[in-house]
1. Could you list all residues from the range 1-28 that are in a helix (DSSP H, G or I), modelled with pLDDT of 75 or more and touching a Ser or Thr at 6+ places or on another chain (Cβ under 7 Å)?
2. Among the residues of the range 265-286, how many are polar (S, T, N, Q), closer than 14 Å to residue 217 by Cβ and either within 19 Å of the chain's Cα centre (by Cα) or surrounded by fewer than 24 Cβ atoms within 10 Å (Cβ to Cβ) (or both)?
3. Please list, ordered by first then second residue, the pairs with beta carbon atoms under 6 Å, 6 or more apart or interchain, first in the range 12-35 and among the hydroxyl-bearing types (Ser, Thr, Tyr), second not in a helix (DSSP H, G or I).
4. Could you please tell me which pairs satisfy a Cβ distance under 7 Å, a separation of 6+ or placement on different chains, a first residue in the range 44-56 that is modelled with pLDDT under 90 and part of a helix (DSSP H, G or I), and a second residue that is surrounded by 21 or more Cβ atoms within 10 Å (Cβ to Cβ) and of a type in the set (Lys, Arg)?
5. Quick test for you: out of 248, 301, pick the one residue that is over 27 Å from residue 392 (Cβ atoms) and either of a type in the set (Ser, Thr, Tyr) or not in a helix (DSSP H, G or I) (or both).
6. Give me the residue from the range 224-264 that is of a type in the set (Gly, Ala, Ser) and at pLDDT 90 or above and, out of that set, surrounded by the most Cβ atoms within 10 Å (Cβ to Cβ).
7. Read through the list (1) surrounded by fewer than 18 Cβ atoms within 10 Å (Cβ to Cβ); (2) in contact (Cβ under 8 Å) with a residue 40 or more places away in the chain, then give the number of the only condition that residue 98 fails.
8. Can you give me the number of residues within the range 333-351 that are within 13 Å of residue 200 (Cα to Cα) and among the β-branched types (Val, Ile, Thr)?
Amino acid sequence: MDGKWRAVSLLCIAEISALSLWFTGAATLPAIRSEYAIGDLQASLYTSMLSIGFVAGTLTSAILGLADRWRPQWFFFCSALLAGLANLLIAFLDPGSPLVPALRFVIGASMAGCYPVGMKMVATWAKGDMGLLVGILVGALTLGSGAPHLSQAFLQGLDWRMTLYVTSAFSVFAAVLVLFVKLGPNAMAAAKFKPAAVLEAWRNKALRLANFGYFGHMWELYAVWGWIVVFLTASYTVWYGEGDPRIGVNASLTAFGVMAAGAVGALGAGLLADRIGRTTVTMAAMALSALCCLTVGFLFGGPPLPMVLLCLFWGVVVIADSAQFSSAVMELADRDRVGTMVTAQTCIGFTLTLITLHLLPEAADLIGWEWAFSVVAIGPALGFIAMGRLRAHPDAVKIAGGKR
C-alpha cells in the first residue's frame, strides 16, 4: 500500500472511531427514557446540545483559523481525546443531571477538531480525485455516526451505558491512530492569523453558492439522521403492537442501515462527481432525497420491508452529495485557507440543523410522523436551485477539473 492510501485508510478508521460519539444521544435516548423520568426538554437537549457545541466549536475554529494554523494531527488528537472522556463521564451521571447537556456540548465542540480537520487532511492527497477522497472520508463519517445504533441494537437488554463505554473507547483509539496519518504533497504551511479570512465564504459568489447548496442539504440531513430511529420506532409500534420486543431491535438496525447505506452513497457519488461533475451529482441527489421526504410517510405503520427498502435508498441519497459540497468549497477556496472555508461551511450548516432537529418533533406532534419529514423537503429543493446557479457561474470550471 503506497503512502497515499495508507494515510487515507488510517484517517478513515480514525474518523469512523471518533464520529461514533455523534449519535450516542439518539441511539440511547429510548432506553434512557424507559428507565428514567426525564422531561421532553432534557431529552431534546440530550440530542441538540451536541450540535450546539459543534456550531460553537466550528465558529471558534473558523474565526481563529485553527484548522489552517495548528498541526492537524494534534488538533484531531486533542479533540478526539477530550470528546471520548466527556462521553465516558456521562455514563457515571444521572441522565437528568444538568451536567449531561454540558458534556454533550463539550463532545460537539470537540468534533470541530475531527470532522472538518479530517477533510482538510484528506484533501492534501487529492490529485484529480478530490470528490472520491472526500467521499471516502464522508462515508467513514457516516459509518461512525451510525455505529451507536448498531451497538444499541446488539446491546438490547443490557445497560445503555455500555454504548457509551464502547464509543468512548473508539474515540480514544481514534486520537492515538490519527498521529500516524501523514499529510500529502498538497499540505500548506501554517497560515497567518487573519480573522477576516472567514468572510471570503460570503464575499466569493461561487463559494457562496456552493455553501447555499450545502445548507439546503444540511436542513434535511440531521433531521433524518437524528429522528429516523424515533420515526421507525413509532412506525413499527403501529405494525407490531405496543411492547413487542422486535420494535427496538428492528428500529436500531434499520437506523444503522440508513447510515451504513450512506457510506455507499458517499463513495459512489465521489466516483461519479469526479467524472461527470459535482453540480450534476449534488442536484440529482437532492432531488431524490426530497422525493423520499415526501413519500416515506405513505409507508408509516405498514409492513416493515417496504419501509426498510425506502429508508435504505434514502440513506444512500441523503448523504451522497455531502462530500461534493465540501470538495467544491476546497477547490474554489484559496489553498492556504481550505481548512477555514470548510470549517465555516460546516459551522453554518450545522447551525441550520439545530432548527430542524427541534422543528421535526413539533411537526410530528402537529401532523403526525406520517407527514413530519415533508417539512424538511424544502432544504434540498433550495439546495438544488443553488447548485444549478453555481453550475452556470464562470468559476465552476475550477470544480472537478472543469466538469462542473
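1. At the first step, the residues of the range 1-28 found to be in a helix (DSSP H, G or I) are 3-21, 24-28.
Subset that is modelled with pLDDT of 75 or more: 3-21, 24, 28.
Matches in the range 1-28: 17, 18, 19, 20, 21, 24, 28.
2. Within the range 265-286, the subset polar (S, T, N, Q) is 279-280, 282.
From what is left, the residues that are closer than 14 Å to residue 217 by Cβ are 279, 282.
With the extra rule that they be either within 19 Å of the chain's Cα centre (by Cα) or surrounded by fewer than 24 Cβ atoms within 10 Å (Cβ to Cβ) (or both), the set shrinks to 282.
Of the residues in that region, 1 qualify.
3. Listed by first residue and then by second, the contacts come to 28/160.
4. Partner pairs satisfying both residue conditions: 46/104; 49/104; 50/104.
5. Numbers: 248 fails: either of a type in the set (Ser, Thr, Tyr) or not in a helix (DSSP H, G or I) (or both).
One residue alone meets the criteria, 301.
6. First pass over the range 224-264, keeping only residues of a type in the set (Gly, Ala, Ser): 226, 234-235, 241, 243, 248, 251-252, 255, 257, 260-263.
Checking which are at pLDDT 90 or above leaves us with 234-235.
Values: 234: 19, 235: 25.
Per the stated criteria, the residue is 235.
7. If we test residue 98 against (1) surrounded by fewer than 18 Cβ atoms within 10 Å (Cβ to Cβ); (2) in contact (Cβ under 8 Å) with a residue 40 or more places away in the chain, just (2) comes out false.
8. Residues of the range 333-351 that are within 13 Å of residue 200 (Cα to Cα), as a first pass: 333-345.
From what is left, the residues that are among the β-branched types (Val, Ile, Thr) are 338, 340, 342-343.
So the answer is 4.
The values are calculated or read from the model by the stated rules, or taken from the named source; none is laboratory data. Everything numeric in this text was worked out from a predicted model, so none of it was measured. A quick note on method: Cβ atoms are made from the backbone with ideal geometry, for glycine too, and the neighbour counts reach across all protein chains shown.
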